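Just below is one structure, and these are the notes that go with it.
Computed from the coordinates by the stated procedures, all read-outs in this text should not be read as laboratory data. Here the structure is a predicted model, which is why all the values come from computation and not from measurement. All Cβ positions, even for glycine, are placed from backbone atoms using ideal geometry, and neighbour counts span all protein chains on display.
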Amino acid sequence: MKKASLLVGIIVPVIAISLIAYLVFHKAMFPTSEVTVISGLMGTTDALARVQVGGKWGYIDKTGKFAINPQFDIAHDFASGLALVELGGKWGFIDRTGKFAINPQFDLSRDFIGGMALVALGCKNSQPNDDTCRSGKWGYIDKTGKFAINPQFDAAQNFTEGLAPVNLGGSCTETAFHTRYAEINCDRGKWGYIDKSGKYLINPQFDKAGDFAGGLAMVELGDKWGYIDERGKYLINPQFNSASDFAGGLAVVQVGDPGEYGYIDKSGNYAINPQFAFAGHFVDGLARVETGGKTGYIDKSGKYVINPQFDEAEDFADPKFEAAESK
């Protein structure tokens, strides 16, 4: 065990030094090029990191050598063997050799999750290489690039727990972040939920709709948020100014005017009464809350573990997430 630790202690610094040396050398050779490393190299032995050189994105291995030369306008991390990239204003997917597995053809796309990826066609964008889809139609493709569900929705989200929220009849704008997430704004239209065959299990009827988590999804109707089950039945009636997904058995909700935040359980009862100017999700048993302009941390009983004293603070890192990231 000591030998293994010593070996890791030697190898990791060597890799880091090699990568830094390579980037410094490249910067010296190409002084007009901007070199940016955006992704870490932790993970499996064949892990690749996204890097930008002269405005184009490519991928390097752990020795700092290019596995895929810089050529893409935008590039995402690999997920399930494929990486989402943008080239010439269209989105497609490459394999680890840099070859297109699915040719660039979509106006906007998201990463594969559960064997399916959201894609959009017919977006009315104001300029090339715009990461926003306006008034396009969304559908889902499989890993061969074939449509599993044809483009027909004015907005859509990824599948969670076998269901995906979709919008019909709305004038929607979706802006992609360089991750698997996006910001969606819809004027008019109603949200419902489809299964992976594209069939509606919950008909469009909500003003806004969230992902299912633990068998519940938050939905908005008439400016109030509540929670439905997978049949579309209200388990917690719309009554909150804002709401969040359940995490660890609790959800953050806001009530009143100007609005205070508290925590409810899955029956809709308050586990921690509304009293905070801000409240975050629980991570490893602690949640970040703000009161009186100061931030502290509470446990699930609502008791302060760290008293409010900070002008600004962030959530504690989730050890499960860190463990998953290091695998």
Ordered by packing density, taken as the mean number of other Cβ atoms within 10 Å over each peptide's residues, highest first, how do 161-173, 188-200 rank? 161-173, 188-200
Reciprocal mean inverse distance between Cα atoms of the range 221-327 - Kirkwood radius, Å: 14.7
In whole percent, what relative contact order does the range 76-206 give with Cα contacts below 8 Å and a gap of six or more residues? 16
For Val305 and Asp95, compute 0.36 nm times the residue count separating them, minus their Cα-Cα distance, and round to one decimal in nm. 70.9 nm
Report the paramagnetic label zone for Ser80: residues of the range 150-166 whose backbone N is under 20 Å from a point 7 Å from Cα along the Cα-to-Cβ axis. 150-153, 156-166
May I ask for the net charge around Gly145, where only other residues with Cβ less than 14 Å from the Cβ of Gly145 are counted and Lys, Arg are +1 while Asp, Glu are -1? +2
Label-point separation in nm, Asn150 to Asp131, each point 7 Å along Cα→Cβ: 3.2
Between the range 250-308 and the range 156-173, what's the alpha-carbon centroid distance in Å? 29
Value of Rg/Rh across the range 76-206 [Cα atoms, Kirkwood radius]: 0.95
